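Everything below concerns the one structure shown next.
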Amino acid sequence: MIERTPIFNFICYTILALGLLIALLPFAIVIIASTLDLQAVNTVPMPLVPSSHFWDNVREAWVRADLGNKLLHSIIFAVSVAAGKVLLSSMAAFTIVYFRFPGRSLIFWMIFITLMLPLEVRIVPTYSIAANALQPFQAILDVTGLTWLIATVFRLQVKLEWGLLNSYPGLVLPLVATATGTFLYRQFYLTVPDELAEASKMDGSGPIRFFVDVLLPLSRPNMIALFTIMFVWAWNQYLWPLLITTDPKFGIAVTELKTLIPSEFGLPDWNVAMAGTLIIMSPPLILVILMQRWFVRGLISTEK
């Protein structure tokens, strides 16, 4: 046990305060820059005193980047990805924990190994599938010779196509699978007493009713914590939405931030860019603040 002394406490609080200052310094600079005018924000060194041009910069960023529609698209995208991850991971973990079938441990570890394959590694095959979601089925038909057989017998050329580019399914579906969520739910389900499953079976409840009426209410803190993490993760996605949305009307707020960055020969209005950054970062920040109690409870709670 470490003995607490005034000197030790002073050192610890000093280190924590220094770390907090380092973490908040970039946010402070962004906030101050968003309140300055064009001349002040390009002054070297930049003034560290807020000015009175914040709402003018916010209005300019809102109109220039069309943030009204883009924030709506981002909210739909992030909520859909987070909800899909929560639902899919809870069902996958339920199947692995409560159903006895050969190879279930192997299946879990195969899912877990996908943590080593981030989106950037599998971006090319994922984009290929999103461009034509029926491509694997077309490949099966070609390999098995069914395409040739149908063309020979019925004089029909089978060509399966279903493009997901510039659509919400194309944005959401490739991102809903999560090994992290499956692992968290599996670890939680393993701590649930077996007596609950036995009592539910004696009451005549089937697997679906046990899952909906017993496990989901018990896992509410975990569900909210996972939803919060995945919402922030999906909100900050840049590469996949940039590739999948070639039509500007399907763009999200994070990718549209590039329209506020001054070009090489453009007006260096970094104050407008910083104001747009504050607008875009506000929704996940508000969500984390509102869900903070449930978020912490879901990560550290052991009560059942």
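The values are calculated or read from the model by the stated rules, or taken from the named source; none is laboratory data. Just so you know, these numbers come straight off a predicted model, no measurement behind them. No Cβ is skipped: glycine too gets one built from the backbone with ideal geometry, and neighbour counts run over all protein chains shown.
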*Cβ-Cβ under 7 Å pairs, at least 6 apart or on other chains, region 21-32 side assigned to a helix (DSSP H, G or I), far side of a type outside the set (F, W, Y) and exposed (fewer than 12 other Cβ atoms within 10 Å of the Cβ)*: I32/L48
_Residues located in region 39-54, provided they are surrounded by fewer than 11 Cβ atoms within 10 Å (Cβ to Cβ) and in a helix (DSSP H, G or I)_ = Q39
*Candidate set from region 1-38 (those that are touching a helix residue (DSSP H, G or I) at 6+ places or on another chain (Cβ under 6 Å) and polar (S, T, N, Q)); member that is surrounded by the most Cβ atoms within 10 Å (Cβ to Cβ)*: S34
_If D269 meets every condition in (1) in contact (Cβ under 8 Å) with a residue 24 or more places away in the chain; (2) acidic (D, E); (3) in the same structural domain as V86 (by TED's automatic domain parsing) apart from one, which number is that one?_
(3)
*When the residues of region 32-62 are filtered to those that are more than 11 Å from N271 (Cβ to Cβ) and at pLDDT 90 or above, which remaining residue is farthest from the chain's Cα centre (by Cα)?*
W55
*For region 102-117, name all the residues that are under 27 Å from L243 (Cα atoms) and exposed (fewer than 10 other Cβ atoms within 10 Å of the Cβ).*
M116
*asked:* Against the conditions (1) hydrophobic (A, V, I, L, M, F, W, C); (2) in a loop (DSSP other than H, G, I, E, B); (3) surrounded by fewer than 16 Cβ atoms within 10 Å (Cβ to Cβ); (4) without any contact (Cβ under 8 Å) to a residue 60 or more places away in the chain, where does A177 fall short? Just the number, please.
replied: (4)
